[in-house]
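Throughout, read-outs are computed from the coordinates displayed, never taken from laboratory work. A quick note: this is a predicted structure, and the numbers were derived from the prediction, not measured. Positions of Cβ are generated from backbone atoms using ideal geometry, with glycine treated the same way; all protein chains shown enter the neighbour counts.
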Amino acid sequence: MSTFKRYKDNEKSLVRRFVSGSKRGFVAAFAGMARFFRAGRQKLTIMFVPHSEKRILNVQISLFGFFFISAVAVALVGFLAWSAFNYTDVQSKLAGKTNTLQETQENLDLTRDHVSRLINAARTFQAALDSTFASMGLSTGTPQTEGQGGDLASFFDMDQAGSGRTRELSEVDKITAWLEQSVKPLSELETMMSSRGDILTEIPTIWPIKGRLGHISMHYGQNENPIFGSWYMHKGIDISTYRSGDPVVATADGKIVGVSFEMGLGNHIIIEHKYGYITRYAHLKSFAVQKGQSIKQGQVIGYVGNTGLSTGPHLHYEVHLGTDTIDPLRFINSRPDQTAVSGTRN
């Protein structure tokens, strides 16, 4: 027998066995399905027996029906369990949102209180600013708003029909705009005050003993000479600290034009300032500067002493404008931080 024929015979044998096995498999499957459906169509009887003499209730149901109802019941129980869990979670989130809303409301109320305080503070600031400008003889520093006067109260009376968050934000925006517009006049005020500050350092406006020590033992004007007993014109003020050695300072920026000794004034210094002012410091114990030296306001120039015609340690201080003498207290008292001390020891 040839090899080809053996292959063909084997092939036919395999086909016959495959077809035969397939038929047996289909037959077994159909048979199994038939048995499954026959078993599923079998009836189950469920009996409900009451504890009284009422009639027993019988319920007949197939296995398929029983399994279907069981599956539905399990699914329903699972759904109810999931719904209960989800409901609890939703309740927890809702409670959290409620707390957050309450906190937000409290913060909003607090914000409204702060806005109200801010408005009152802005109005107070306006009044102080206007008062400052008026005292300096300037026009009001309150910025002007479009279509309105400069009054801050009227500035905030606009659009008051709104309420809640809209009105609060509107008021904050108005305060912001008002303060932004206040920058320019305040800058001008700063420039002017800076200029005035420069002037205050160029005229004799500070107390001539460092640390504002001492008291006035003799004022400017007609006084009795403590040595000769006669009346004379005292051209300055005498400041006593009851001791020698306390530092004497220049009362304004200037240039030292005199450092010398005279019989009456003892050791004394003369300083020339701008605008024609001259100051003199007499009866010094010693000097701390030299003639021709430029000095700054507050710089130490010498020390309190008892030289010349003097009855005790003190500083004799004069202010001249041209050829006239001026009461030094007119300058010292013009500065709010410089108040003359009279009759007491510091």
Protection proxy ranking of 220-233, 265-278 - average other beta-carbon atoms within 10 Å, highest first = 265-278, 220-233
message = As a footprinting exposure proxy, order D109, D253, D238 by other Cβ within 10 Å, with the fewest listed first.
response = D109, D253, D238
key: When each of K255/K285; K210/K285; K235/K285; K235/K274 is checked by Cα-Cα distance, pairs over 18 Å   = K255/K285; K235/K285; K235/K274
key: Segments 59-69, 281-291, 3-13, 170-180 sorted - mean Cβ within 10 Å per residue, highest first   = 281-291, 170-180, 59-69, 3-13
request  = Would you kindly state how much longer the chain becomes between V59 and A127 on full extension, computed as 0.36 nm times their sequence separation minus their alpha carbon distance, in nm to one decimal?
outcome  = 15.0 nm
task = Search the structure for amide H atoms under 5 Å from the amide H of V249, placed 1.01 Å from N in the peptide plane, and list their residues when 5 or more places away or on another chain.
result = I209, K210, I301
key: Burial order of peptide ranges 245-252, 122-129 (average beta-carbon count within 10 Å, highest first)   = 245-252, 122-129
query = In percent, how large is the relative contact order of region 210-332, given Cα pairs closer than 8 Å and 6 or more residues apart?
reply = 28 percent
request  = Starting from the Cα of R243, move 7 Å in the Cα-to-Cβ direction to define the label point; list residues of region 303-324 whose amide nitrogen is under 17 Å from there.
outcome  = 303-306, 312-315
